[in-house]
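The values are calculated or read from the model by the stated rules, or taken from the named source; none is laboratory data. If you're wondering where the values come from, they're calculated on a predicted model, not measured in any experiment. We place every Cβ from the backbone using ideal geometry, glycine too, and count neighbours over all the protein chains shown.
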Amino acid sequence: MHDSSLADFSELDKEIEGVRVTARSQATWQKVVETPSRPPASHPPRPPRPPQSLRVLRNIPYGSPFRSVVFFWISLLLLLLAVCAGLFGLAVTFGRGPAFIQHGPSLSASPDIAPVGMKVSLHGLGFTPGGQVGFFRDGDIQLANVKHAVTMLADDQGNIANTVQISADWGGGEHTVMAEDASTHKIASFPIQIIGNMGPLRPAHLYLSTTSLDLGIGDQATNTMQTVALDNSGSGQIAWQGTTTQPWLMMSPRSGTLSAGQPAQITIAVNRYNLTPGNYTASVVFSSDAGNTTLNISMHVSPLIVGNEGILQLTPAVLAFDATDAGNNPNPQVVTVSNPGHASLSWQAKSSAAWLTLSQYAGAISPAHSSAVAISVHTATLLPGVYSADITFSAEGSALHSPQHVYVSITISPQCSVQVSPGMLSFNGTQQQGLPAVQTVGLTSSQSCTSPAHWSAHSTASWVTLGATGGTAPGSLNVGVNPAGLGAGPHLASVIFTSNAGSQVVPINFNLGSASAPELALGASALGFQGVLNGGNPAGQLLRVSNTGRGQLSWQASVQTNSGGNWLSLNATSGRLNPGQSIPLAVNAAILPSFVPGAYTYTGMVSVVGTDSAGHIVSGGPLKVPVSFKVSAACSVAVSSNVQTFPVFAGRATPATAAVNVTASNTCQHPISLSAVASTTSGGNWLSTLLSSNTLTSAKPVVLTMNAVSAALTQAAPYSGKITVTATDTVTHALLGVPQVIDVTLNVQPPCTLQAPSTGVLTFNEQPGAVTDKQTFTIGVVGTCNSGPVTIVPTALMQGPPWFTITATQVGTSTTFTVTVNMAQLTGTKYQGSISIAALEGGIAIVGSQQPVNINLKIASPPALSVSPVDGVSFDLNSGDSSTQTVNVSNVGGGGLDWTARLRGDAPAFLSLSTGAVSHLPGGSSTSFSLTVNTTGIPAGTTYSTVVLIDAQDSATTKALGGELSIPVTIQVTSIPVPTSSPTVTPAPTTAVTLPTVPVAPVISSVVAATPTVPPVTATVHVASTNAAAATTMGARQLVTTAPALTPARTVASPATVPSLSSSTDTSAIHKGP
């Protein structure tokens, strides 16, 4: 017990010391004094105990027992104080986030400014005790710790402590570190700034581990799989997608993103089911925003020799699922278990992952028959990323081709979240010098958001002011600081943004300088440039270096770039400023030949340090301003898809047609001349193309149409071709980049192939009260099937109680399926399901089997009427005046409604309704009507009361929606009283009033005057003004004379000319661009 307690205290001491080290590392400067080593202290020998010591005390250590007890309690008290101080320090250093988030997890990083190679400690609170936590950065890039693990378990209190090391592939600038609770799917985020030189840049590059695969020999019931690696050998992220050129060639997963050092494992499989024996070739085309690459596939099919045993055959060999983090499970998919043998087959299956389940794990199949097994994935505890598993099917006895495997992958995309930028804010101010300039943070929603994302915000300190406490993204929020009551020195706080996805902490650093010392200010916390590769340099920007304190200030400035070379420069690097003086410092960014091709954002830093007359660094220094330089790619032309596959059958006379869009980047300033040429490498001239226009602009894309004719092709095989698109600037006649190439494959399918259905999605949008509805789709088999009749088998897949049925009508080689939804027993509003369709010939699935059709059902909620204001409308006006007020009417339900508003019979004639007081409202929509009062001729001193009556009915059923809604209306007609004497008013003393910063120079254009005239009140008003061009905050003092308002008072325009703030800026050192 004693040893354990000491160990706990030792660990706590280490944690407290870590906080102190962090606090010291974040200080502006520190003085280190090395103490020389000293010899160990020596003590005189303990004197002998007195002879008269009592026996009962002889086992007590030397010294007074009472002193020992007192010493123990004092030590314990001091230790508790140290613990509390350490925890307070933790709250101050890290707790600008974690200690103040009351609901959900929170995260902090220390240090939050780090160079490449440094280790960063991550601390989190509020996670599920003992639960799994995953780590990411910048959205969906998995973040491995120093032990190469991307997940860890929280302790019994829900706390986490992790260590990551910054690598060069992060890139410089601001990043977001995230920890996600796998149980609740709540995310905690914290910003971190990466500084230093990142070394030479490597553009993103798609790399495939091999360019060809030979999947060997197998009979018509054998599947073969191999794995290839797809990687990003450069920097940044790559979004990729794979396309196969033959229906018997499959892959899993089919798309994803690639970060440097995190390759994707892609499983390539062939299903030989029912293929004619022979050699086969096909391709997998990987397309991405960093180039394309092709994987060539070859394999051989041998005849299936059927004996007296059962045969295990599976279709398909791989499955690929897609889902969203914290979303619903994806629709199940089907594996067809077939027995093309001559004996019965008893089979069983086993999944290798808990998240992968089967509708049945065993069964028996008669010869020449099949069974459908639904495969489901459960994403409740899966974090964003790619997961893979294996299903092993095996047969009892001596069945052929047992066991066999089905490879399954699921790609979890990040959930909808709110992203905040910048992730850190720094303010500088001086005591008694007004408010620092307000700063704006941008709020955007992630790619997975299908509607505006809601957010709320609160600050951890009362001196932080927010322009709003909630809203939707995309949007912005103004953040300011108020130094009232604060002492000179650094002050730390946070703004915590919360959304459905979790929380993000934005640290606030506020350095408040003393009014009696020089103080450095820059007027901006960040700068951003934009440019075009191979174009001119962007216009320069200004930092205003100011001395907002007292005493002479000397300053020095420097720049640092993280990548791309020395693209950042200043027009001056040092100077001196008297109190209240400021000068513009021009910051310039230049396009360099060392920049990588394509779009890229470069980052750097401007550092300014100030010293007083004694050479001491002023408080708050050095000040650092992050600089971003977003360089767009030069004028270029792109096509919406670089791969096109036409699946057709031999001898088809009707051309297969497809279209892609040709677009120009927004950096193109001149019209572009286009040409497109089609060519083939096999099969003759089966490919042609047509452009909708030969002139392309950034504002208007051109449609390129491709036509493939297979009438002259009788052999089932893939035929290759390409379309080359060339772009030329119509003014400079320069060729724009390299020609765009579209790889086209004419996939002439073998006979007996199941075609794609006429539609892949059936959507039912139903009103409340509906019971059933029907829709149809058609699917067919093309080519000649030699082994006998083909049976098309649909498998319904749905979650929850059965809510749709399928019936079939076959005409020739096509089958029409009717899907009927039954809503009688449904209580929800949204349902999803699917149908998987296989075609069986002789008990074995033919080529193209397992075609999916998704079924979506949305039942609108009943209409519901809502009006505001609910407490009524009140008019208070003078006789002879008129006034209008608005009443809002909303349908907060799903179904449509019809509503009508009318005045009660006792309403006065001078009250009227607008003509829009009758309307139809679809679900989720709003409208309004007006109430107008005109009191011309109405005597003063009278009051009227009446009611507006609103009723509504369901548009679908014409049933009334409850009773009438009543909105009270009160009208009070008054007159203007004339005062009989002027009251005595004591002039107010001169008062300093601080107004909040606004983004433009304010002009005071009117004042409020009272009747009668009374002595004026004089106030000295400190107005903070922002010069947008110079990104500078300037203080100004205006003397405003107003008269105190009496009751009643009327607002009148001031006849006086009120002075406005103005500024002049030296812009001679700013680059004006090309």
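For this structure, a couple of remarks:
- Whichever residue in the range 136-170 is closer than 19 Å to Gln419 by Cα and not hydrophobic (A, V, I, L, M, F, W, C) and, among such residues, is surrounded by the most Cβ atoms within 10 Å (Cβ to Cβ): Asp140
- Every residue from the range 129-142 that is modelled with pLDDT under 95 and not in a strand (DSSP E or B): Asp138, Gly139, Asp140
- Of the strands (runs of 3 or more DSSP E) contained entirely in the range 169-213, those carrying at least 1 residues that are polar (S, T, N, Q) and farther than 24 Å from Asp325 by Cα fall at 187-195.
- Pair list, Cβ under 8 Å, 6 or more apart: the range 633-644 residue surrounded by fewer than 20 Cβ atoms within 10 Å (Cβ to Cβ), other residue modelled with pLDDT under 85 and among the hydrophobic types (A, V, I, L, M, F, W, C): Ala633/Ala599
- Qualifying positions in the range 898-918 - closer than 29 Å to Gln767 by Cβ and modelled with pLDDT of 90 or more: Asp898, Trp899, Thr900, Ala901, Arg902
- First in the range 683-703 and closer than 24 Å to His670 by Cβ and in contact (Cβ under 8 Å) with a residue 24 or more places away in the chain, second anywhere and of a type in the set (Lys, Arg) and crowded, with 19+ Cβ neighbours inside 10 Å, Cβ under 7 Å, 6 or more apart: none
- For the range 396-403, the criterion of being modelled with pLDDT of 90 or more, more than 28 Å from the chain's Cα centre (by Cα) and assigned to a strand (DSSP E or B) is met by at least one residue.
- In the range 270-320, of all residues being of a type in the set (S, T, N, Q) and in a loop (DSSP other than H, G, I, E, B), the one that is nearest to the chain's Cα centre (by Cα) corresponds to Asn274.
- Candidate set: the range 528-567, residues that are β-branched (Val, Ile, Thr) and in contact with a Phe, Trp or Tyr (Cβ under 9 Å, 6 or more places away or on another chain); chosen: the one nearest to Ser613 (Cα to Cα): Val545
- Summed over the range 616-631, the residues that are over 17 Å from Ala557 (Cβ atoms) and in contact (Cβ under 8 Å) with a residue 24 or more places away in the chain give a count of 5.
- Filter result for Val821 (over 39 Å from the mean Cα position of the chain (by Cα) and either surrounded by 13 or more Cβ atoms within 10 Å (Cβ to Cβ) or of a type in the set (Asp, Glu) (or both)): no
- Residues considered: Gly242, Gly216, Gly196, Gly236. Of these, the only one that is surrounded by 21 or more Cβ atoms within 10 Å (Cβ to Cβ), at positive phi, touching a residue at least 24 places away in the same chain (Cβ under 8 Å) and of a type in the set (Gly, Ala, Ser) is Gly236.
- Residue among Gly126, Gly131, Gly199 that is in contact with a Ser or Thr (Cβ under 7 Å, 6 or more places away or on another chain) and farther than 19 Å from Val505 by Cα: Gly131
- So Pro584, is it over 29 Å from the mean Cα position of the chain (by Cα) and assigned to a loop (DSSP other than H, G, I, E, B): no
- When Ala343, Ala364, Ala380, Ala354 are checked against the criterion of being in a loop (DSSP other than H, G, I, E, B) and within 29 Å of Leu304 (Cβ to Cβ), Ala343 stands alone in meeting it.
- Scanning the range 846-873 for residues that are over 27 Å from Thr759 (Cβ atoms) and assigned to a strand (DSSP E or B) returns Leu865, Ser866, Val867, Ser868, Val873.
- Strands (runs of 3 or more DSSP E) wholly inside the range 747-845 that include at least 2 residues being touching a strand residue (DSSP E or B) at 6+ places or on another chain (Cβ under 6 Å) and over 26 Å from Pro247 (Cα atoms): 761-766, 772-782, 804-811, 814-822, 830-841
- Selected residue [closer than 30 Å to Gln237 by Cα and either without any contact (Cβ under 8 Å) to a residue 12 or more places away in the chain or not acidic (Asp, Glu) (or both)] from Ala353, Ala349: Ala353
- Of the strands (runs of 3 or more DSSP E) entirely within the range 428-538, those holding at least 1 residues that are closer than 30 Å to Leu577 by Cβ occupy 439-445, 464-466, 475-481, 489-499, 502-513, 527-532.
- Residue match in the range 440-452 (condition: in contact with a Leu (Cβ under 6 Å, 6 or more places away or on another chain) and surrounded by 15 or more Cβ atoms within 10 Å (Cβ to Cβ)): yes
Matching residues to (1) at pLDDT below 90; (2) within 25 Å of Thr657 (Cβ to Cβ); (3) within 38 Å of the chain's Cα centre (by Cα):
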| position | (1), (2), (3) |
| --- | --- |
| Leu762 | no, yes, yes |
| Thr791 | yes, no, no |
| Ala808 | no, no, no |
| Gly812 | yes, yes, no |
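- Residue tally, condition within 29 Å of Pro655 (Cβ to Cβ) and in a loop (DSSP other than H, G, I, E, B), over the range 723-737: 0
- Restricting Gln530, Gln504 to those that are over 17 Å from Phe427 (Cα atoms), among the polar types (S, T, N, Q), in contact with a strand residue (DSSP E or B) (Cβ under 8 Å, 6 or more places away or on another chain) and not assigned by TED's automatic domain parsing to the domain that holds Val479 reduces the list to Gln530.
- Qualifying residues in the range 226-253 (those that are out of contact with any helix residue (DSSP H, G or I) (no Cβ under 8 Å at 6 or more places or on another chain) and in a loop (DSSP other than H, G, I, E, B)) - the one nearest to Leu143 (Cα to Cα): Gly236
- Pick from the range 713-749, criterion in contact with a Phe, Trp or Tyr (Cβ under 7 Å, 6 or more places away or on another chain) and at pLDDT below 85, ranking: farthest from Thr680 (Cα to Cα): Gln749
- Filter pass, His670 being touching a Ser or Thr at 6+ places or on another chain (Cβ under 7 Å) and assigned to a loop (DSSP other than H, G, I, E, B): yes
- Within the range 254-269, the set of residues being in a loop (DSSP other than H, G, I, E, B) and surrounded by fewer than 22 Cβ atoms within 10 Å (Cβ to Cβ) comprises Arg254, Gly261, Pro263.
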